[in-house]
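Right, one structure below, let's go through it.
The values are calculated or read from the model by the stated rules, or taken from the named source; none is laboratory data. Fair warning: this is a prediction, and the values are worked out from it, not measured in the lab. Here the Cβ positions follow ideal geometry from the backbone for every residue, glycine too, while neighbour counts run over all protein chains shown. For accessibility, only protein heavy atoms count, side chains too; no ligands or nucleic acids. Shrake-Rupley method; radii C 1.70, N 1.55, O 1.52, S 1.80 Å.
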Amino acid sequence: MGKFTAFKVQLKSLPQGIHEFEYHLDKTFFANMESTDIHDADIRVHLTLNYKADIYDLAFKIDGDVTLLCDRCLDDLHFPIDTAYHIAVKYGDDYDDSSDDLLVIPESDNYLNVAYMLYDTVALSIPLKHVHPAGKCNRQMSAMLKKHSARGGEDDVLADELIDEIDNIEMEQQNGGNATDSRWDALKGFNPDNE
């Protein structure tokens, strides 16, 4: 049995009408696709196939999450996937995928393997830059990166101050305190009516 046999849709044996398929994409699926970016996954795929008048209308609904490596700190980064993909498929003389909306497959093919469609759809929904939100990166790795960074410019100083400020606010909130910005504390006693 091949790596992607479970993703073969037997088009020629389907009667006209609506057909539903479910798939699960996990770590093994992306390892078989030789993906270097996606290290783990838990993705559910619902395929609704509507066959009528020699056209197979495929509508994919894909949701779940993937695990990537953060480009900044190299820790695991969980990224949610929630996307859809739609394509029409029909039989013709030769294979033709020149259109974004229509795929033509040769009459000799009895099935359509949707594995690569699913992989491409997931891969295209992931941004090029994989980084944690501000203040969520591994602090030790961020410190090492800062230490060995060649830039060391004004942008780095501002980013570090912002990360420290966010971390302080989060710690105060976890400790039950109301996080306030000390710069605004001086204005709390100001009342323009008392002048």
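At-a-glance table
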read-out: Per residue value of the accessible surface for the range 1-44 (all protein chains in place, 1.4 Å probe), Å²; value: 64 Å²
read-out: Cα-based reach from K61 at 27 Å (exclusive), listing lysines while leaving out same-chain residues under 8 positions away; value: K3, K8, K12, K27, K52, K90, K129
read-out: Hits among lysines - C-alpha to C-alpha of K146 under 17 Å, sequence gap 8 or more where chains match; value: K136
read-out: Mean accessible surface per residue for the range 50-102, computed with a 1.4 Å probe while every protein chain stays in place, in Å²; value: 59 Å²
read-out: Efficiency of FRET from Cβ geometry, D101 and D71, R₀ 22 Å, rounded to 0.05; value: 0.05
read-out: Mean Cβ count within 10 Å, highest first, over the residues of peptides 136-142, 13-19; value: 136-142, 13-19
read-out: Additional length obtainable on full extension of the chain from E22 to S35, 0.36 nm per residue less Cα span; value: 2.5 nm
